[in-house]
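*Asks:* Quick one: structure below, then a few questions.
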Amino acid sequence: MKTLQTEHLTKRFLGLVAVNDVSFSLDAGEILGIIGPNGAGKTTFIHLVSGILMPTSGKVLFKGRDVSYAPAHERARMGIARTFQLIHPLENLTVLENVMIGAVFSRRQSLREARRSAEGICESLQLGDLGRDTASLSILEIKKMEIARALANGPEVLFLDEVMAGLNADETRQMISMVKAIAKERGLAVGVVEHVMGVIRELTERVIVLESGELIAEGPYSEVSKNPRVIEAYLGGAA
Amino acid sequence: MILEIQGLTCGYGKLPVLRDVSLSIGAESVALIGPNGAGKTTLINAVTGLVKPWGGSIRFDGRDVTGHATHEIARAGIALVPQERELFPGMTVADNLALGAAYIPRAQGREERLLEQCLRLFPILKERFRQIVGTMSGGQQRMVAIARALMANPKLLILDEPSLGLQPSIVSEVFDRLSELKKDVAILVTEQNVKESLRSVDRGYVLENGAVVLEGAASDLAKDPHVEASYLGL
Amino acid sequence: MKRTLVALALIAAAAMAFGQGTIKIGATWPLADITGKQGSMAAQQAVDEINKAGGILGRQLELIVIDDELKADKGAAAIEKLVTVDNVDVIIGGMASGVALGQVPAMKKYGKVVVSTGAASYKVEEALGKDADWYFHLHPWDYNQGASYVQGWDEIQKKFPNIKIKKIFLAYEEGAFGKASWDATKTLFGAGNRYVIDGASFKSAALGGGDYGAMLEAAKMFKPDLFLWAGYDADALPMLEQAKAMKFSPGIYLGAPPGWPVGFGTSRLSENVMLYGMWAPSINNVSPVSKKFYDGFVAKFKAEPATYFAPLSYSAVYIVADAIKRAGSTDTAALIKALEATKYESPLGQTITFTPGNIIKHQGVKNQKILQWQMGRQEVIWPFESATAKPVYPFPKWK
Amino acid sequence: MANKRNRTAGLVLAAAVLGILVWRPTVLIYGLQAAGLYASIAIPMGLILGIVHIVNLAHGEFMMAASYLTYTICRASGMDPYLALLPVAAVTAAFGFLVYRLTIRRALKAPELNQLILTFGLAILLTQAANLLFTSQTRKLSFEYVSASVDIGDLSFGVYNFVFVAIAVAMVVGLRLFLTRTKAGKAALAVGQNPRGAAIVGIDVDRAYALTFALASAMVGLMGAVFITRSSIFPAVGSPFTMKSFCLIAMAGIGNIPGILASSVLLGVSENFLKAFRGTREWADIVFFVLIISVILGRSIRGKKA
Amino acid sequence: MKRTATYAAAAIAAVVLAVLPAFLGAYPLNVARSVMTYMALAVSWDMLLRSGQISFGIAGLFGLGSYASALLVLRAGMDPVLSLVFATLLTGAIAYALGFAVLRLRAMYFSITTLALAEIFRIVLHNLHDFSGGPEGVVLPGVIFGGAAPALYWLCLAGLAITLGTSWYFERSKLHLALTAIRNDETSARASGVDIFKYLLVAFTVTSTLQGMMGAIQVQSYGFTTPETAFDANFTLLPLAMALLGGIHSTLGPIAGAVLLGIASEWLKLKIPYGHLVVYGIIIVLVILLMPRGLVGLARNRRAGRRA
């Protein structure tokens, strides 16, 4: 039984099919890349899996259980965590409080326990002074905090939506090793949406490619990047 | 010189972000490289009047524009593609592009030619010409933002992280077009994708901690050991 | 020489007054409303007149007015302040029943003499109860007003046989004022089957309404002999205009708002509109007290009294002053006794005495007057003893 | 499918309207007249809300002030309000511009609720200043033409109030032309959607805001001048219209100016429908609020589905 | 250390407030009641605002509480003190039920709907003549506790204390995290496991209950009510203005704002009998323009400035 699976997952908005009949699976300890052209439906796909959106048809299975229509907060409690492409750190809370939220509401810990577990996670991500207001964080720190917030849920599945965007090469390298370490230590199933091909190559073992909502290719990056359809739709001259 | 910045100091609240920065751009394209938090976006905001400089001067096209309002600077001939895109979400692609030219003296009377050029650059926008921008994906919106800026027929085009969220095929397309454009437009670009951007610009500045630490021809910078170690490699 | 003597006498009076302190009259009114504003001005006018004439018992009167802002809690706080901080001897004033209801508990607590100029709702009387012997209510209760109208129309029909009323239509605004009028009209005119009553509510322009179409439609279908509306001054002209547009012209078109708009009489539509009221400048012709009050007010404030709250409040001060004079002190028990014996010829064109109401012991004015706009002036039609003109009937049909 | 449902709804509505027209013609007549008044007062507020994103709680008070200005001019000169209309609109436009420059502009960067309380303070200020100057006694100018009447069979009704329907329609059409055809209008529209983006393409945001405020104030001034032909005025006359306008805008959806007219018709007719019957007359007020809630809730549920 | 000081200050304030009737006359106590009522409303409004929801329905719930309490005494013969409890709970129950519909809405649409609900309550009570007394309202047999000024003061103080205590709990429990998360970004709050609807419902129900409680206390303290008194728009607008002038998203801000505006309005009225409201309007305008973050924000900036 895979940790996470989708079966014929489809989402329509009015006339537009954003995600079309996508079936895939993700297992513990695995890092999966999700790539595809702009507007291919990558973010919508993560919204469907994490419960931010409900599918039009098809299924989402978490450890064999059908969670297709479970609300987002319940999926968070079951162990599906994610970060967001457009990040909104909670302005009126400190870094620590931002991270605690997941522990309090997903893992149902008391404030005291949540504080302790949040401190642990932040320390492992080297987040520095936790009493800071989030307004003063650098982009790298904000991205780390986003991951910390997701980890505080105590997840088994973690989706990272463009966490490397906006980071420079140095920072990207740091982040890659951090994500690898997290996945390994915690035995997580990780899905990564990323446009920078270097990141995908370094980080992932397997890649799925979406185009116009459809899954058009699947396999290791080295294979997928040679697929003519992928090159035409996505990589272009960069391949 | 098209843009000349002298001793620019600037920041938010009480916190200084830029310290005594000087740089200049002629009829060329220039990349601004640096880690996050170095002040790249602040520099752009200061040039476009979105934040008020504390000290120093900014001259554009021979005129002092230090502290001028954003719309005045835009009308003088600087077009900006901001990181956050800043489109008009309730309007169609067509309207967004038309507004890019409507208030800019330099673009008057050339709207059709400019539009044609933009649609050639981003064919998908032709398909989606009547679509409401707010319903498009993040990457598509970025294309609209770039096209809107080009509609202003700018003397100086500033792109803040243009490849953010764009698929690789489009990124290379954008950089190709930039190399084409730079014949008649000066370009200032900040880019995380340093390799790609250094390939397509003439010169570069490296900004660290609010100050310029390195400048030079793009080809030289690409070989600089510090740049190589910090910004290339992926 | 004479002037010096007067001056000396004045100084002496002032010194005496200073020695004994002033007699303090506390009052609350809604000062942002024309009623409270002019009421408080007229009360000050009366105080100044009395002081100029040497005061009462050799002491000067002092009027302390607090704005009740038309709010119950503010009104109640004002009573607390007047009694406990300003140590007033008597309380007068008041306009809205809603504020009076808020003030009653505080008034009961202290038992100070109150001469009220407002609060027409029977609910206030219920809240006061029968033991409130310190409460003197000048303004007629809503049921007093209703009863006086029945009497008035009976007498008018007897005296002017050409006026015949069988069907009465009441248009009443949705609020407390209109609802009370409707209840009173149904009970009082409906008694004995002499009249056929119908009515419809409307939203007053004072509260954002001002569309009378549906209501006038119902009235027109009923074909009343007497059309009566109970609303506010904001309704007066628009309702007439809409009635004209709908060609609705009953035999008698009668309004009962608490006040009328500025310059209503200058509108051509106002001619022969009838109204209920307590006072009009035309009473100056039959009452010297009214003329004295009117001239004094105009001279002092350069404005015409626009509401009967002015003469009523003016009366309240005189009634209090007169009673204190007769009581010889401001002691509550003595004052109550003296007030009970009040016989004050008021600018309202009638003599005010206190007689029992339905519950309370001391009710002042019990009737309203029936007036008519004639040539831009309010003329008194009934009671006949203070009448200034004869009724014009019927109300002109629209051409 | 949605199309089919719309058509069915349209047919039902048309049948209902026809039925009412035959059965109780005054429901439609008075309903439309009320709708015209509601809409023409609400539209300028909707313009400000749609572009400057400010709920102007002093909206009704602006109109009240314009009415007093008209009253003063007309009393002094014997002029008809329709002649005073343009000078009044010019004065209120300048007034709106000034209010924007002196107060609103300074509060734009503050949290959005501040603007609400700021305009609430302005509303108190205007009402009470009018009270000091004119007292609470109502004033009205009376004109023969207001009682203009039409007879159809036994039915006589006033037609003057249809002038508000004309004004409302003119406002909707005029604004549409202004916002889509003129440069200043397009700029205002763009600023309304994204002020920062507008500045980047060379639009003077502050000027667009000031212009919008002045334009809306001119429309309010115009309404104030016409309002006095129909209604008495007093210092508090404007405030109920503030709330009504706010509700109508919400019902239409922010930025939807023709929608304001449609909501007004719906409300005006429903109110007058209830008013036409003895048993329901007093409940006419509630229909307003029930409709608002149903429309807003309905839209949110549909929005969730889509 | 800092927390101890806060507790100590709160304890001292509580003691001082509790023993005030020993030193003050009926009039200041009456003014204090009015200030405390508005303060409680302002704090309760702010509590919901911390989730980003702007309610315009304070007057509606206040009026509902008023009428519930009055009608329980009049129609069910309930003891006035007991009616306070039941009216409070009843308001809460109604708010809870309505919450299921209203809390689907956001931003201006939520605000308008709460405003419309308040109007619906008012019109219903206005029109149910026989049950509610209609537009003329209801008069109770008497004022609670025989109208003794200290007793009424303590009753109002108790209402305020309950409100402040709840607000304090909101600030320190996980509700604080939930509401702040919802205010900032609902989607990311959901992804962190926050059941948005549940917490909004809790906040809406609790704050509505508090507002109903203050209404019940008010009606029993004055012995009567009418639709126009109970549902006065000022019960919505003044608490809003007070919270904003004091500083939102805190307990302290609305307290400061209520003291400022409450005392200013009473003082101005005595100093300027005719036209004091003009000055009141000017004060509101000026404070908003000069202190956009309220009194508390100003103090915070000062402190931050000194540190920097």
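The values are calculated or read from the model by the stated rules, or taken from the named source; none is laboratory data. Since the structure is predicted, the reported quantities are computational estimates derived from the model, not experimental observations. A quick note on method: Cβ atoms are made from the backbone with ideal geometry, for glycine too, and the neighbour counts reach across all protein chains shown. Side chains are part of the model used for accessible areas, which takes the heavy atoms of the whole protein and leaves out ligands, DNA and RNA. Shrake-Rupley method; radii C 1.70, N 1.55, O 1.52, S 1.80 Å.
*Asks:* Assign unit charges at the C-beta atoms only (+1 for Lys and Arg, -1 for Asp and Glu), then state the dipole size of the stretch A:114-178 relative to its Cα centre in Debye, rounded to the nearest 20.
*Replies:* It works out to roughly 160 debye.
*Asks:* Now for a separate question. Where Rh is the Kirkwood radius over the Cα pairs of the stretch A:53-127, the temperature 4 °C and the viscosity 1.567 mPa s, what D in µm²/s does Stokes-Einstein return?
*Replies:* Estimated via Stokes-Einstein, D reaches 92 µm²/s.
*Asks:* Another question, then. Please turn the phi angles of the stretch C:329-334 into ³J(HN,Hα) values with the Karplus equation 6.51 cos²θ - 1.76 cosθ + 1.60 (θ = phi - 60°), one per residue in order, whole Hz, x for glycine and proline.
*Replies:* 7, 9, 4, 4, 4, 5
*Asks:* For chain A, what does the relative contact order come out to in percent, with C-alpha contacts under 8 Å and a separation of six or more?
*Replies:* 27
*Asks:* Hey, another quick one. If you project the alpha carbons of the stretch E:140-229 onto the principal axes, what extent comes out on each, in Å, largest first?
*Replies:* Projected onto the principal axes, the Cα atoms of the stretch E:140-229 cover 54, 27, 15 Å.
*Asks:* Something else now. Calculate the length of the line joining the C-alpha centroid of the stretch E:170-208 to that of the stretch E:220-291, in whole Å.
*Replies:* A separation of 29 Å, based on Cα centres.
*Asks:* Using all C-alpha to C-alpha distances in the stretch B:74-173, build P(r) with 5 Å bins and read off the rounded percent in each one.
*Replies:* 2, 15, 26, 27, 21, 8, 1
*Asks:* Using a 1.4 angstrom probe and counting only protein chains, how large is the accessible area of B:GLU180 in Å², to 10?
*Replies:* Approximately 90 Å² for this residue.
*Asks:* With a 1.4 Å probe and all protein chains kept in place, how much accessible area does A:THR134 have, in Å² rounded to the nearest 10?
*Replies:* Using a 1.4 Å probe on the heavy atoms, I get roughly 10 Å².
*Asks:* Can you list the residues, at least 5 places off or on another chain, whose amide H is less than 5 Å from the amide H of A:GLU211, using H built in the peptide plane?
*Replies:* Amide H neighbours of A:GLU211: A:ILE216.
*Asks:* With the Cα gyration tensor of chain B in hand, give its eigenvalues times 5 under a square root as the equivalent ellipsoid semi-axes, listed largest first in whole angstrom.
*Replies:* One finds semi-axes of 27, 21, 16 Å for chain B.
*Asks:* Same structure again: Please list, or write none, the lysines whose alpha carbon is within less than 27 Å of the alpha carbon of D:LYS186, excluding same-chain residues fewer than 8 places away.
*Replies:* Straight-line reach from D:LYS186, under 27 Å: B:LYS126, B:LYS155, D:LYS109.
*Asks:* Okay, moving on. What average number of partner chain Cβ atoms lie no more than 10 Å from the Cβ of the residues making up C:75-86?
*Replies:* Averaged over the peptide's residues, the number is 5.
*Asks:* Residue by residue, what Karplus-based ³J(HN,Hα) values in Hz, rounded to whole numbers, does the stretch A:229-234 have, using 6.51, -1.76 and 1.60 with θ = phi - 60° and x for Gly and Pro?
*Replies:* So the J values, rounded to whole Hz, are 5, 5, 4, 5, 7, 10.
*Asks:* Using Cα pairs under 8 angstrom and six or more residues apart, how large is the relative contact order of chain C, in percent? The partial results should precede the final answer.
*Replies:* On the way: 804 pairs, mean separation 70.7, N = 399.
Rounded, it is 18 percent for chain C.
*Asks:* Averaging over all projection directions, find the projected area of the Cα convex hull of the stretch A:59-203 and quote it in nm² with one decimal place.
*Replies:* Working: hull surface 35.4 nm².
With the hull built on Cα positions only, its mean projection is 8.9 nm².
*Asks:* Among A:LEU127, C:PHE177, D:LEU189, pick out the residue whose Cα is farthest towards the positive end of the charge dipole of the protein assembly as shown, where Lys and Arg carry +1 and Asp and Glu carry -1 on C-beta, about the Cα centre.
*Replies:* Ranked along the dipole, the leading option is C:PHE177.
*Asks:* Size of chain C along its principal axes in angstrom, Cα-based, largest extent first?
*Replies:* 70, 49, 38
*Asks:* When averaged across all projection directions, what area in nm² does the alpha-carbon convex hull of the stretch D:28-305 cover?
*Replies:* 17.0
*Asks:* So, in Å, what gap is there between the alpha-carbon centers of the stretch D:87-148 and the stretch B:154-206?
*Replies:* Measuring centre to centre over Cα atoms gives 52 Å.
*Asks:* Further, regarding this structure: Ranked highest first by average number of other Cβ atoms within 10 Å, how do E:287-297, D:165-175 line up? Walk me through the numbers on the way to the answer.
*Replies:* Values: E:287-297: 20.1, D:165-175: 17.7.
Most protected by this proxy first, the peptides run E:287-297, D:165-175.
*Asks:* Right, here's the next one. Show me, for the stretch C:83-89, the HN-Hα J-couplings you get by feeding each phi into the Karplus relation (A = 6.51, B = -1.76, C = 1.60, θ = phi - 60°), rounded to Hz, glycine and proline as x.
*Replies:* Running phi through 6.51 cos²θ - 1.76 cosθ + 1.60 with θ = phi - 60° gives 7, 8, 9, 8, 6, 6, 8 Hz.
*Asks:* Okay, moving on. Can you send over the solvent-accessible area of C:ARG377, 1.4 Å probe, protein chains only, in Å² to the nearest 10?
*Replies:* 100
*Asks:* Follow-up question, since we're still on this one. For the stretch B:1-124, what are Rg and Dmax over the alpha carbons, in angstrom?
*Replies:* Over the stretch B:1-124's Cα set, Rg and Dmax evaluate to 16.1, 46 Å.
*Asks:* Shape verdict for the stretch A:23-80, please, from the Cα gyration tensor: rounded (a/c under 1.5), prolate (a/b greater than b/c) or oblate.
*Replies:* Details: a/c = 1.75, a/b = 1.22, b/c = 1.43.
Oblate, since a/c reaches 1.5 and b/c is not below a/b.
*Asks:* Chains D and E: buried accessible surface, both sides, probe 1.4 Å, rounded to 100 Å²?
*Replies:* Looking at D and E, the buried total is near 3600 Å².
*Asks:* Let me ask something else about it. Once neighbouring chains are kept in place and the probe is 1.4 Å, which whole percent of the accessible area of the stretch E:2-232 is contributed by carbon and sulfur?
*Replies:* Carbon and sulfur together cover 72 percent of it.
*Asks:* Let me ask something else about it. Quick check for me: using +1 on Lys/Arg Cβ and -1 on Asp/Glu Cβ, what's the dipole size of chain A about its Cα centre, in debye to the nearest 20?
*Replies:* With Lys and Arg at +1 and Asp and Glu at -1, about 600 debye.
*Asks:* Hey, got the dipole for the protein assembly as shown? About the Cα centre, +1 on K and R Cβ, -1 on D and E Cβ, debye to the nearest 20?
*Replies:* I would put it at about 1600 debye.
*Asks:* Can you list residues whose amide H is under 5 Å from C:GLU345's amide H, if they're 5+ apart or on another chain and H is modeled 1.01 Å from N?
*Replies:* Amide H neighbours of C:GLU345, under 5 Å, 5+ apart: C:ILE352.
*Asks:* Excluding A:SER23 itself, calculate the net charge of residues whose Cβ lies under 12 Å from the Cβ of A:SER23, where each Lys or Arg counts +1 and each Asp or Glu counts -1. It would help to have the intermediate numbers written out before the result.
*Replies:* Working: positive: A:LYS2, A:LYS59; negative: A:GLU7, A:ASP21, A:GLU214, A:GLU218.
With Lys, Arg at +1 and Asp, Glu at -1, the neighbours total -2.
*Asks:* Find, to one decimal place in angstroms, the Kirkwood hydrodynamic radius of the stretch D:46-149, where the mean of 1/r is taken over every pair of different Cα atoms and then inverted.
*Replies:* Radius from the Kirkwood sum: 15.3 Å.
*Asks:* Rounded to a whole number of µm²/s, how large is the Stokes-Einstein D of the stretch A:3-55 at 37 °C and 0.692 mPa s, given Rh as the Kirkwood radius over C-alpha pairs? Walk me through the numbers before you get to the answer.
*Replies:* Numbers: Rh = 11.7 Å.
In µm²/s, the coefficient is 280.
*Asks:* Please list C:141-148, E:23-30, C:158-165, C:315-322 highest first by mean number of surrounding beta-carbon atoms within 10 Å per residue.
*Replies:* Per-residue mean Cβ counts within 10 Å order the peptides as C:315-322, C:141-148, E:23-30, C:158-165.
*Asks:* Here is a follow-up. When you count, for each residue, the other Cβ atoms within 10 Å and take the mean per peptide, how do E:118-126, E:236-244, C:338-346, D:225-233 rank with the highest first?
*Replies:* Details: E:118-126: 22.9, E:236-244: 27.0, C:338-346: 18.1, D:225-233: 25.2.
Ranking the peptides E:118-126, E:236-244, C:338-346, D:225-233 by packing returns E:236-244, D:225-233, E:118-126, C:338-346.
*Asks:* Taking the Cα centre of each part, how many Å lie between the stretch A:63-77 and the stretch C:175-202?
*Replies:* 65
*Asks:* What pairs from C:LYS37/C:LYS366; A:LYS143/A:LYS180; C:LYS292/D:LYS140; C:LYS71/D:LYS140; C:LYS159/C:LYS247 go past 26 Å between their alpha carbons?
*Replies:* In this structure, C:LYS292/D:LYS140; C:LYS71/D:LYS140; C:LYS159/C:LYS247 exceed 26 Å between Cα atoms.
*Asks:* Could you report the buried accessible area between C and E, both sides summed, computed with a 1.4 Å probe and given in Å² to the nearest 100?
*Replies:* 2600
*Asks:* Which translational diffusion coefficient, to the nearest whole µm²/s, is obtained for the stretch E:182-308 from the Stokes-Einstein equation, given a Kirkwood hydrodynamic radius over C-alpha pairs, 10 °C and 1.306 mPa s? Mind showing how you got there, number by number?
*Replies:* Values: Rh = 17.4 Å.
Calculated translational D: 91 µm²/s.
*Asks:* Considering the dipole of chain C built from charges on the beta carbon (Lys and Arg +1, Asp and Glu -1) around the Cα centre, which of C:LEU348, C:VAL365, C:PHE384 is farthest to its positive end?
*Replies:* After comparing all options, I get C:PHE384.
*Asks:* Let me ask you something else. Working from the pairwise distances between different alpha carbons, so that the mean of 1/r is found and then inverted, what is the protein assembly as shown's Kirkwood radius in Å? Before the final figure, lay out each step's value.
*Replies:* Details: mean 1/r = 0.0277 Å⁻¹.
About 36.1 Å for the protein assembly as shown.
*Asks:* I'd like the mean, over residues of B:171-178, of how many other protein chain beta carbons sit within 10 Å of each residue's own Cβ.
*Replies:* The per-residue average across the peptide is 2.
*Asks:* Using alpha carbons only, what's the Rg to Rh ratio of the stretch E:2-232 with Rh from Kirkwood?
*Replies:* Result: Rg/Rh = 1.00.
*Asks:* Here's something else I'd like to know. Relative contact order, percent, of the stretch D:28-305 when contacts are C-alpha pairs under 8 Å separated by at least 6 residues?
*Replies:* With pairs under 8 Å counted, the relative contact order is 40 percent.
*Asks:* Follow-up. May I ask which residue of E:SER221, E:LEU164, E:SER66 lies farthest towards the positive end of the charge dipole of chain E, with charges of +1 (Lys, Arg) and -1 (Asp, Glu) on Cβ and the Cα centre as origin?
*Replies:* Highest projection toward the positive end goes to E:LEU164.
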